[in-house]
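Participant: Please read through the structure below; I'll follow up with questions.
Read the figures in this text as sums done on the coordinates, not as results from a lab. Since the structure is predicted, the reported quantities are computational estimates derived from the model, not experimental observations. Heads up, the Cβs are rebuilt from the backbone with ideal geometry, glycines too, and the neighbour counts pull from every protein chain shown.
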Amino acid sequence: MQLSDILDFDAITTRLSAGNKRSLLQQLSNLAAQRIGVDAAEIQASVSEREQVGSTGFGQGVAIPHGKIESLGRIYGLFARLAEPIDYKAIDGRPVDLVFLLLSPADAGGDHLKALAAISRVTRNVPTLEKMRGARSRDALAAVLIGADERDAA
């Protein structure tokens, strides 16, 4: 599975102002709800429930909040770069400024893990993270993500 299979490139956000983790998850839930027609409260509840298990702040300024939604028909990904990094209780203690929201149907166990792995492959590459932080527009950020996706698939 690749990012291009799951990521909503038209919904990439380049300067999201969040302030804190709770506000971030609420804003991402609202944005995803508008894009996929699922109730924002259901999305936020699922993602927040997963955060209770442990932080999805995976290090290097990256978070991958994720959850499963009963009524969702396919895996859906959304990306946001924050205007200012926030405390996310990440495993390395660093503030987060790059966020991938991943939503999956309730029965998408293996595919959900494959989607997480696809995001993880891209976010482990430090030069790619630097390019993501330096991209000045949605199109430039999409190009970085597509390029990283193609490189990792090769």
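Participant: Comparing 99, 62, 126, which has the greatest mean-square fluctuation in the GNM of the chain with Cα pairs linked when under 10 Å apart?
Facilitator: 126
Participant: Which loop-located trypsin sites (Lys or Arg not before Pro) does segment 94-154 contain, where loop means any DSSP state but H, G, I, E or B and the Cβ has at most 13 other Cβ atoms within 10 Å?
Facilitator: 136
Participant: To continue, here is another question. Stokes-Einstein D for the chain at 4 °C, 1.567 mPa s, Kirkwood Rh over Cα pairs, in µm²/s?
Facilitator: 85
Participant: While we're here: Among DSSP beta bridges whose residues both lie in the chain, state the antiparallel percentage, nearest 5.
Facilitator: Counting only bridges with both partners in the chain, antiparallel ones make up about 50 percent.
Participant: Grab the DSSP H runs of the chain that are 4 residues or longer, score each as -39,500 (n - 2.57), total them, divide by all residues and round the 222 nm result to the nearest 500 deg cm²/dmol.
Facilitator: Dividing the helical sum by the residues of the chain leaves -15000 deg cm²/dmol.
Participant: Among 105, 127, 95, determine the one that fluctuates most according to a GNM of the chain built with springs between C-alpha atoms less than 10 Å apart.
Facilitator: Result for the chain, Cα springs under 10 Å: 127 fluctuates most.
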